[in-house]
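A quick write-up on the structure given underneath.
What follows is calculated from the coordinates using simple rules that are stated; it is not laboratory data. Only a predicted model underlies this, so the values are computations on that prediction, with no experimental measurement involved. Here the Cβ is made from the backbone with ideal geometry for all residues, glycine too, and neighbour counts use every protein chain on show.
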Amino acid sequence: MGLIQRIKNLFRKGVNAVPETNSLGQITDDYRISIDPDEYVRIQRNLDYYSDKKHYVEYQANGGDMKRRPKNTINMTKTAARRIASVVFNEKAEIHVNGNEAADKFLNRVLLENDFKNKFEEALEKGIALGGFAMRPYVDGNHIKIAWVRADQFYPLQSNTNSISEAAIASRTQRTEGDVTKYYTLLEFHQWGGGEVYQITNELYKSDSPDVVGDQVALSSLPVYADLQPLVTIDGLQRPLFAYFKTPGANNINIESPLGVGIVDNAKHVLDDINETHDQFYWEIKIGQKHIAVQPEMLKYDKEHKPYFDTDQNVFTGVLSDDSNGIGIKDMTTPLRTVQYKDAIDHFIKELEVQIGLSSGTFSYSSDGVKTATEVVSNNSMTYQTRSSYLTMVEKAIDELCVSIFELASAPQLFDDKPLFKIDLAATPIEIECHFDDGVFVDKDKQLEEDTKTLVAGALSKLTFLRRNYGMSEQEAKDELALIQAEAPTDTFEGQQMADLGGGDGE
């Protein structure tokens, strides 16, 4: 189900009104959108790199004719974005609400229904390449769903460099009408009407060209929007119904922009160097195939007097010579500069690793053999620091999303019967805790050993021990300690000794 259908499911009530006449060339032409249009030119360029848009190389053939061939590239943008996303967030991450078991259970059910962990890692990969992405919770019957919004679909309205409070979300649809393809763009404006009044305005545009937004038309122009309201108002919200993830670090391309920069923006030239070198290496292999020069008399002739040695090979070439002894058989194959090209590509890849904040050797094969976890931690210190920066922004986005989920679930005007979950966030704010698996960055056996010694020495609480080493939430750790307490012997001298020595929880 696309974002368009999701919006429909969220706002089912109301009457469709015919909008006032309006026309847009580009989405950024709308007066409500306060963002430099060049930012979306930049994002589109990043998307071209991420999708490995095909490029061509023109060259002059032996006959003097100009020819064109596809450029042979390495999609390092995809590889780098996937690598960073996988070390930042994976399926072992845990998200919990501290101190509220009912809220924690509801939240994790919503996240599980949305396959949140896998979807978030996938969206994070795209966001790392493009500079950011947004998450938009919506109501679908008696369920909360999450729509994923790419960077090229997200347009800030009111913002500063730290946060975005209002935004427009664009969704494109194309439909064949007669023999002509028509292009529709739905713009969903999220704005504050004053105080805690939140307004969502839906506008539909139609165009004959994919490069133009077009003229505004009635929402009923597409059946999928037949029940969509032009304006929806929700009271009592504390924050927008979207959460924006911004890549860490300043936007050095446009200092005033609230949007993040992708890994392409500051590594474009290095990515070009890698592709150029790889293409040259491929072409050298292509034209460097084996060639053997022989006397024409050594070649066979077909009925049309055309020479051939083996119709399935292009190895042998007949060459005339002034030498009375003839040329005999001569290998004219040019040796490949494999080592030089490999070293050049490795050099540019190391430059890329520095540009995007990964440890040297991340994308290279290691000849050092198997390493211990401690060595991995030491050798990946740069990657670990970069991961920590990303995690700060990931936690912020997830926290905002969870708050929006609870606000949406407790809004009575969005449901026919009763809200999905009743909670007053103004009176009882929730605390979201994210636990991320450190993977290769932590020697878990060593950590467990050290924490056990610290626990026995009385310098570490059992609650902290369970949370650090087993990834439990605060509530899960408390429940586990309660079970340990219930199972511990309390009426024997041995049980008393165990409790006194810290080996059990007996009293």
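Data for the structure
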{"quantity": "Neighbourhood charge, 10 Å Cβ-Cβ cut-off, centred on ARG45 and excluding it, Lys, Arg +1 and Asp, Glu -1", "calculated": "+1"}
{"quantity": "Extension gain (nm, one decimal) between ARG337 and ALA250, 0.36 nm per residue minus Cα-Cα", "calculated": "27.2 nm"}
{"quantity": "Cβ-Cβ FRET estimate between ALA459 and GLU395, R0 fixed at 25 Å, reported to 0.05", "calculated": "0.35"}
{"quantity": "Per-residue HN-Hα couplings for region 396-411 [Karplus 6.51, -1.76, 1.60; θ = phi - 60°; Hz; x = Gly/Pro]", "calculated": "4, 5, 5, 4, 5, 4, 5, 4, 5, 4, 5, 5, 5, 5, 9, 7"}
{"quantity": "Per-peptide average of other Cβ atoms within 10 Å, ordering 233-243, 30-40 highest first", "calculated": "233-243, 30-40"}
{"quantity": "Burial ordering of CYS434, CYS402, fewest other beta-carbon atoms within 10 Å first", "calculated": "CYS434, CYS402"}
{"quantity": "Inter-centroid distance (Cα atoms) of region 408-426 relative to region 196-231, Å", "calculated": "27"}
{"quantity": "29 Å Cα-Cα threshold exceeded, pairs from LYS71/LYS350; LYS418/LYS478; LYS119/LYS182; LYS67/LYS268; LYS126/LYS462", "calculated": "LYS418/LYS478; LYS119/LYS182; LYS126/LYS462"}
{"quantity": "Packing-based exposure ordering (other Cβ within 10 Å, fewest first) of TYR155, TYR59", "calculated": "TYR59, TYR155"}
{"quantity": "Residue exposure sequence - VAL217, VAL88, VAL264, VAL456 - by fewest surrounding Cβ within 10 Å", "calculated": "VAL456, VAL217, VAL88, VAL264"}
{"quantity": "Net lengthening on full extension, ARG175/GLU94 (0.36 nm per residue, minus Cα-Cα)", "calculated": "25.0 nm"}
{"quantity": "DSSP-loop GluC sites (Glu not before Pro) across region 139-190, with at most 15 other Cβ within 10 angstrom", "calculated": "none"}
